[in-house]
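Data first, discussion second: the structure below is written as structure tokens.
What follows is calculated from the coordinates using simple rules that are stated; it is not laboratory data. The model shown is predicted, which means the values in this text are computed figures rather than measured ones. Please note: Cβ atoms are built from the backbone with ideal geometry, for glycine as well, and neighbour counts cover all protein chains shown.
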């Protein structure tokens, strides 16, 4: 009886030990914050969240309503990364706010376009027509180049990626350019003759660049939306995992199926 008792106790200890070993080998999910503004970024991150979960990374998606606050949150370390902007916009923030943000990779492009509730063709706009454009310099420059390509204005040579209305050399069609915060462009759309609207805000307003745009940015590759971190965090394994997920097959398939008109397309 005594021998059996010792044996049972020994077995019990071995079982307890084995359970402890299993418990110690379980990997705890690590939570990491990423900031966004709106669609399609939030939806793409939801897909990425499912993918990185397999690598024991819990993605905490935080929605913001302001460009500057979103970048400042990364600078402070409140969130590790953000996903909403292109490189010229990021460079503008760094210059104006003494930032140190860097891109870790391109994800997708959203062509800028000119829309109108009143006119169906660029040639229909009369002299004095009011056209709203984004007021942040990187997107304002995009809008001005689009209007130049459409024949409305002529820009000063060498005006570059951060051109403003001050760089308009000739107002060929005598239109009135009204600078408006990007997020408000869909709201003022019905109050002006036309508006050049960022891709993400156009989507929120139910607009399609390919279907509704009177003039569409011919090549948005220089403005690919990128995943952004504070300098020094580029090689963080969690950042790289999120980037791989955003550039992976599931996200690319979603973009092609959801945006058949090319309103949003995977970056090359």
Fill in: Ellipticity estimate at 222 nm from DSSP helix runs (n ≥ 4, -39,500 (n - 2.57)) divided over the chain, nearest 500
-11500 deg cm²/dmol
Worksheet item: What share of the DSSP beta bridges in the chain is antiparallel, in percent to the nearest 5?
Response: 55
Worksheet item: Which order results if 93, 162, 64 are arranged by neighbouring Cβ count within 10 Å, fewest first?
Response: 162, 64, 93
Practice prompt. Pull out the extension gain between residue 46 and residue 118, defined as 0.36 nm times the separation in residues minus the alpha carbon to alpha carbon distance; nm, one decimal.
Written response: 22.2 nm
Worksheet item: Helix 2-25 versus the longest principal axis of the chain: what angle, 0 to 90°, nearest 10, using Cα atoms?
Response: 10
Worksheet item: Using a basic spin-label model with each label point 7 Å from the Cα along Cα→Cβ, how many nm lie between residue 157 and residue 221?
Response: 2.6
Worksheet item: What is the gain in length, in nm to one decimal, between residue 205 and residue 76 on full extension, counting 0.36 nm per residue of separation less the C-alpha to C-alpha distance?
Response: 43.2 nm
Response to the item:
Residue span residue 102 to residue 166: 0.36 nm per residue of separation minus Cα-Cα distance leaves a gain in nm of 20.2 nm
Discussion item. What distance in nm lies between label points placed 7 Å from Cα along the C-beta direction at residue 252 and residue 68?
Written reply: 3.9
Worksheet entry | Residue list for segment 117-147, given a label point 7 angstrom along the Cα-to-Cβ vector of residue 174 and an amide N cut-off under 17 Å | 123-131
